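Peer 1: Right, I'll just put the structure down here and ask away after.
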2 protein chains.
Amino acid sequence: MPRPRAFDEESVLDNAMNIFWSKGFEATSIQDLVNETGLNRASMYASFGDKKALFLRVLDHYSQKISAERFADLRNIEDGRAAIEKTFRDAAKTGTAEGRHKGCLMVNSGMELAPHDPETAAIAHQAFRRAEDTFAAALNRAVDQGKISKGKNVRALARFLAGSFQGVQLMSRRGADQETLQDYCETILDALD
Amino acid sequence: MPRPRAFDEESVLDNAMNIFWSKGFEATSIQDLVNETGLNRASMYASFGDKKALFLRVLDHYSQKISAERFADLRNIEDGRAAIEKTFRDAAKTGTAEGRHKGCLMVNSGMELAPHDPETAAIAHQAFRRAEDTFAAALNRAVDQGKISKGKNVRALARFLAGSFQGVQLMSRRGADQETLQDYCETILDALD
DNA sequence: TGAGTTATAGAACATTCGTTCCAAAGTGTG
DNA sequence: CACACTTTGGAACGAATGTTCTATAACTCA
């Protein structure tokens, strides 16, 4: 009955995500989104609501697609300590890859908007908590496996790792050189000893 | 001969700094600056140039006034290890103080603008290097004083501390709770052992 | 006191912003 | 084929953006 959509919602979100990721919320204009997604203004507003609503959809999309992938090894590698180490080393590697100085959309958005936008603040906070819990789970595995001393305060260590992981994203976006980022990561991992 | 200025350049920079610090570059409008500084548009443009030029002046002002103060103890406390510990604990304390979730203007600006603005990127990079060197100096003092093991890689540790200090600012701006931030800081300091 | 100089106040500029509206286009069902 | 319905393209909206202009005010030095 109705005219069918000429676009794929998922790929529109992908494109919108990349613009927000690269430029941030404020610096991204509706015109940018129209240009890059190929989607018409009217269709954008009809399908996603206003700029802010689209942005929140994008944050969710990012969580499910990018964040999930970044933490996949941390969840799936059985050896808890190896899982943590690979997670950081991968982040350091992709963080210094050419033309990929975008950091993490969740961290970027938290920094840009959290102080004045409770909605984004809550999402960023929740994402941090999830990361913290995922690190805690890996740490508990590592303790059980005898790869990390039983004497460690797992919760504090998990918070440290989650915070430091954000730090890696931060330094990556700021364009830190590979050597600095590697030193940073390796010293973080030394905290596991 | 000329009509004298009705404003104090320093206090205008102070006010402008606080707006940029709180809202970021993009979200701060000229109107905001006019309202908050009390300075007229024409006078702003005559004295500081356009928005970007004013922003760069503000970054410099921040470096001299706020950054310098934040790193004063790190430079001045003779005991290198105590200097480092106090620097982090103070940052964690002020970072969770009510209504002070602004983080660090240098970190914020690097995150927001570095990927697309080489000028800001260079300034943020230089600020990081300065912090790294200041931490390295304190670490060297601590090693000489026998407060930190001789076996440590001071350069890597300095990079770690500088990166982690940015992380504290990040978490503070994102509105992390006090307990999380304390755990984060204490674990960072454990790396000195 | 008046000439010279610069700051001030605020109107005015073109452009871009986010958003809405409307007519045309495309689909499946009666 | 025509109806009901939704998407599409693009014009149009007012408000806000960064910036400039003009006229007036305030001061110092001759």
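Peer 1: Checking B:Gly24 against (1) free of Cβ contacts under 8 Å to residues at least 24 places away in the same chain; (2) within 13 Å of DNA strand D (Cβ to nearest atom); (3) on the phi > 0 side of the Ramachandran plot: exactly one of these is not met. Which one?
Peer 2: Here B:Gly24 clears every test but (1).
Peer 1: When both residues are 6+ apart or on different chains and their Cβ atoms are under 7 Å apart, which pairs have a first residue that lies in the range A:94-110 and is in contact (Cβ under 8 Å) with a residue 60 or more places away in the chain and closer than 24 Å to A:Thr120 by Cβ, and a second that is charged (D, E, K, R) and crowded, with 23+ Cβ neighbours inside 10 Å?
Peer 2: A:His101/A:Arg173; A:Lys102/A:Arg173; A:Gly103/A:Arg173; A:Asn108/A:Arg173
Peer 1: Would you mention how many residues in the range A:27-36 are away from chain B (no Cβ under 12 Å) and either near DNA strand D (Cβ under 10 Å from one of its atoms) or crowded, with 18+ Cβ neighbours inside 10 Å (or both)?
Peer 2: So the answer is 4.
Peer 1: When the range A:182-192 is examined, which residues are found to be buried (at least 24 other Cβ atoms within 10 Å of the Cβ) and facing chain B (nearest Cβ under 8 Å)?
Peer 2: Passing the criteria: A:Tyr184, A:Ile188.
Peer 1: Can you find a residue that is among the acidic types (Asp, Glu), part of a helix (DSSP H, G or I) and touching a residue at least 60 places away in the same chain (Cβ under 8 Å) anywhere in the range A:69-79?
Peer 2: So far as the range A:69-79 goes, no, none of its residues is among the acidic types (Asp, Glu), part of a helix (DSSP H, G or I) and touching a residue at least 60 places away in the same chain (Cβ under 8 Å).
Peer 1: List every residue pair whose Cβ atoms sit under 6 Å apart, with the two residues 6 or more apart in sequence or on different chains, where the first one lies in the range A:46-57 and is without any contact (Cβ under 8 Å) to a residue 60 or more places away in the chain and among the aliphatic types (A, V, I, L, M) and the second, anywhere, is open to solvent by less than 40 Å² (accessible area, probe 1.4 Å) and within 12 Å of DNA strand D (Cβ to nearest atom).
Peer 2: A:Leu54/A:Phe48
Peer 1: Limited to the range A:1-36, what total is found for residues that are assigned to a helix (DSSP H, G or I), within 13 Å of DNA strand C (Cβ to nearest atom) and of a type in the set (Gly, Ala, Ser)?
Peer 2: Residues flagged as assigned to a helix (DSSP H, G or I), within 13 Å of DNA strand C (Cβ to nearest atom) and of a type in the set (Gly, Ala, Ser) within the range A:1-36 amount to 1.
Peer 1: While we're here: Which ones in the range B:146-181 are more than 9 Å from every other protein chain (Cβ to nearest Cβ) and among the β-branched types (Val, Ile, Thr)?
Peer 2: Correct list: B:Ile148, B:Val154.
Peer 1: Filter the range A:37-63 down to residues that are aliphatic (A, V, I, L, M) and closer than 11 Å to A:Met17 by Cα and give me whichever is most open to solvent (accessible area, probe 1.4 Å).
Peer 2: A:Leu56
Peer 1: Is it the case that the range B:81-91 has a residue that's at the interface with another protein chain (Cβ under 10 Å from one of its Cβ atoms) and at negative phi?
Peer 2: No - not one qualifying residue is present in the range B:81-91.
Peer 1: I would also like to ask the following. Just checking, how many residues over the range A:73-95 are of a type in the set (Asp, Glu) and within 15 Å of the chain's Cα centre (by Cα)?
Peer 2: 2
Peer 1: Further question: Considering only the range A:139-148, state which residues are surrounded by fewer than 24 Cβ atoms within 10 Å (Cβ to Cβ) and in contact (Cβ under 8 Å) with a residue 12 or more places away in the chain.
Peer 2: If the condition is that a residue be surrounded by fewer than 24 Cβ atoms within 10 Å (Cβ to Cβ) and in contact (Cβ under 8 Å) with a residue 12 or more places away in the chain, then A:Asn140, A:Arg141, A:Ala142, A:Val143, A:Asp144, A:Gln145, A:Lys147, A:Ile148 are the ones that fit.
The values are calculated or read from the model by the stated rules, or taken from the named source; none is laboratory data. Please read all numbers here as calculations on a predicted model, not as lab measurements. Here Cβ is always computed from backbone atoms with ideal geometry, including for glycine, and neighbour counts include all displayed protein chains. With ligands, DNA and RNA removed, areas are computed over all heavy atoms of the protein, side chains included. Shrake-Rupley method; radii C 1.70, N 1.55, O 1.52, S 1.80 Å.
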